[in-house]
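Structure first, then comments.
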Amino acid sequence: MSERRPEIVDFRIPTVALVGRVNVGKSALFNCIMEQRLAIVSDVPGTTRTRNIGNFTWRGVQSRIVDAGGITFDEHVDFEEEILEQTRKAIAHADVILFVVDARDGLMPQERQIARLLHKVKIPVLLVANKVDAPRFQSLVHEKDWLKLGFGTPRAISAANGVGVGDMLDEIFKLFNKAPRRPKVVSIKPDIRVAILGKPNVGKSTLINQISGEDLVITSPIPHTTRETFNLMVQWHDRVIEFIDTAGIRRKSHVSEGLEKIGVSQSIVAMEGADIVLLMIDATEPVSTQEKVLASLIEEKKRSVVLVVNKWDAIEDHSEENRKDFVDMIRGHYPHLQHAEIVFVSAQSGYRVHQLYDVIVAAFEARHRMIDALTIDEFLRKLISKHPPKRGGGNIPPKIYGIKQLATDPPYFQISITAKSILNQAYVKFIERALREEFGFVGTPIALYTKKTKQ
C-alpha cells in the first residue's frame, strides 16, 4: 500500500472568517449563511472550539466560510490558547474577515484586543453588529465607541432572523472580486463519506490531524474536547473522501444534558449519513460496553465499517502472534462485525494510518458491488452441489430455485425457495459467508432474505 498522504481538497474559492469574542453570535451567523444548523449554538461561553468550516452559496456561486471560536484573552479559560491559535489560522487563510460584535452589549475590552490583532493583517475587515433583531436596536450601531475599533460604523445584522445578512454578503462579494480567488460554482463532491466514531479520548481528532498533516482540530486528554462534528475532504488517487470527526460517545446514562447531548446527536446523524464508519478502539484499554453498543448501532443502521485499533505504538509486544491475539479478542467482542477489516494504527505517530485509505476504498467498492445474474447463478449451483441445504423445520425439505441481487448500498439479495419450506438460518449465514469469500464483500453488511415460490 502507498505511504503517501492524501491531498486536502482545494476548492479554489475565497474565504470569509468570522472573528470575535465569545457569545456574540458567530456560530448563529455561520448557520444563517450556511442555511443549516451545523454549528452548535448555546449561551455557554466557548461552545465553539475547533473551527467550523463550510461552503456557502450566494447569488449562484460558492465561497468558503470559517467560524472561529470565541476569544476571551483569559488564560484561565479552558483551551483559550488553542482557540486563539485556531483564530490565527482562520485569519491567515481568509480573504475577508467579519469582525462580529454584539450590538446590545456595547464595546467590550476584548474587542479592543481583537481589533489590535486585526489591524496587523493586510486583509479587508468588515465590522458587523449582531443581535439587531428589532428596529429599536438599530440606533445601537451608531454609538461612537464602535469607531474606536478603527473599522468605521458597524453594519447592523441579526443572525437570528437574517435581517441585514443579504446586504452584508453583497458587500463581502464586492471585496472577493479583488481577491486572488473568485466565487464560483463548485462541482467537487465527496465520493465516499467516512464518519469517525468512538468513545471519548480514543483519538478521533488526532486521526483527523494526522490525515490532514496539520492541527486542524483541537486535541487534549480532557474528555469531550470535541463538541461538534468537523469535516475534512481529501483526494486519494481518483477518490474524494470526506472524513467526519465526531464528538466522543459514552454510555447514555452518563451523557450530560446540553452541549454533550447535542454533540452526541450530531455524531449519530453523521454515522447515519456516512458510507463507511471508522469505529476507533483504544488498544491500551479493555473493550467497553459502550463500544459494543456503538457496534450494534452500526450494524442496525447497516453501515459499512472498519475497526481501527488506535494507540498500537503504546503496546510493548508488537509481535505478529500478539496482533493475532488482539484480532481474536476483537472478533469475540464484535460477533456481528466479522466482515469488518481490522487496522492497527497510531494516530499520534502516523503508524500505518496510510493503510486506512485503501481499506476504506475497498469497503466502499464492496458496498456498491453488483454481481451479474449469470455469475451469481453459477455461484449458487456450485455451492448447492457441494453443500445442499438441510430441512429447516418446514413441511418439506427446502429447494433453492435461485438467488438474485436486488440492490447495492448495501448489497441486497433474494433467495427463492420452495413454498411451505423453511431455509435454516445457519444455511443463510453459510450463503452470506460464501458470497463474501467469492465476491470480496469486505467491510460491508449484506442483506439476504428468502422468498417462497411455487415454481
- line: With x for Gly and Pro, the residue-by-residue ³J(HN,Hα) of segment 145-162, computed from phi through the Karplus equation 6.51 cos²θ - 1.76 cosθ + 1.60 at θ = phi - 60° and given in whole Hz, is 4, 4, 5, 5, 6, x, 10, x, 6, x, 7, 7, 9, 9, 5, 5, 10, x
message: Please list, ordered by chain and number, the residues whose modelled amide H lies under 5 Å from the amide H of ASP102; skip anything fewer than 5 residues away on the same chain.
response: ASN130
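Looking at the chain only, what percent of DSSP beta bridges run antiparallel? Nearest 5 please. Could the numbers behind the result be given before it?
Numbers: 24 of 68 bridges.
Within the chain, antiparallel bridges account for around 35 percent of the total.
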task: Rounded to the nearest 0.05, what FRET efficiency do ASP313 and ASP145 give with R0 = 45 Å and r taken as the Cβ-Cβ distance? Could you check?
output: 0.25
- prompt: Hey, any idea what Rg/Rh is for the chain, computing Rh the Kirkwood way over Cα pairs?
  reply: 1.07
task: Using a cut-off of 13 Å between beta-carbons, work out the net charge of the residues near VAL327 (Lys and Arg +1, Asp and Glu -1, VAL327 not included).
output: -2
query: For segment 60-184, taking Cα atoms only, what is the radius of gyration to one decimal and the Dmax to the nearest whole Å?
result: 14.9, 44
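Before rounding to the nearest 500, sum -39500 (n - 2.57) across all DSSP H runs of length at least 4 in the chain and divide by the residue total; then give [θ] at 222 nm in deg cm²/dmol.
The per-residue figure over the chain is -9500 deg cm²/dmol.
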- line: Once GLU378 and SER296 are pulled to full extension, the length gained, defined as 0.36 nm per residue separation minus their Cα-Cα distance, is 26.1 nm
Compactness relative to 2.2 N^0.38 Å, alpha carbon Rg of segment 373-453: 1.05
Amide H partners (placed H, <5 Å) of GLU341, local residues excluded: LEU307, GLY443
Residues PHE173, PHE230, sorted so that the one with the fewest Cβ neighbours within 10 Å comes first: PHE173, PHE230
field: Calculated over segment 329-390: convex hull of Cα atoms, volume per residue (Å³)
entry: 146
message: If amide hydrogens are placed 1.01 Å from N in the peptide plane, which non-local residues have theirs closer than 5 Å to the one on TYR401?
response: SER416, ILE417, THR418
task: Mind giving me the nanometre distance, one decimal, between the label points for GLN36 and VAL163, set 7 Å out from Cα along Cα→Cβ?
output: 2.9
message: To make sure I understand the rule: partners must be lysines, Cα under 30 Å from the Cα of LYS199, and not fewer than 8 residues away in the same chain. Which ones qualify?
response: LYS26, LYS89, LYS189, LYS252, LYS261, LYS292, LYS301, LYS302, LYS311, LYS324
- line: Listed with the fewest Cβ neighbours within 10 Å leading, PHE176, PHE243, PHE151 appear as PHE151, PHE176, PHE243
Förster-model FRET efficiency, 22 Å R0, LYS174 and THR57, C-beta, rounded to 0.05: 0.80
- request: For segment 402-417, take each phi angle, set θ = phi - 60°, evaluate the Karplus expression 6.51 cos²θ - 1.76 cosθ + 1.60, and give the result in whole Hz per residue in order, putting x for glycine and proline.
  value: x, 9, 9, 8, 8, 6, 10, 6, x, x, 10, 10, 10, 10, 8, 10
message: Once R0 is set to 60 Å, what does the formula 1/(1 + (r/R0)^6) return for the Cβ-Cβ distance between VAL327 and ARG182, expressed as a FRET efficiency to the nearest 0.05?
response: 0.70
- request: Check each of the trypsin sites (Lys or Arg not before Pro) in segment 102-159 and keep only those in coil by DSSP with at most 10 other C-beta atoms within 10 angstrom; list them in order.
  value: LYS120, LYS122
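No lab work stands behind these numbers, since they all come straight from the coordinates. A quick note: this is a predicted structure, and the numbers were derived from the prediction, not measured. Please note: Cβ atoms are built from the backbone with ideal geometry, for glycine as well, and neighbour counts cover all protein chains shown.
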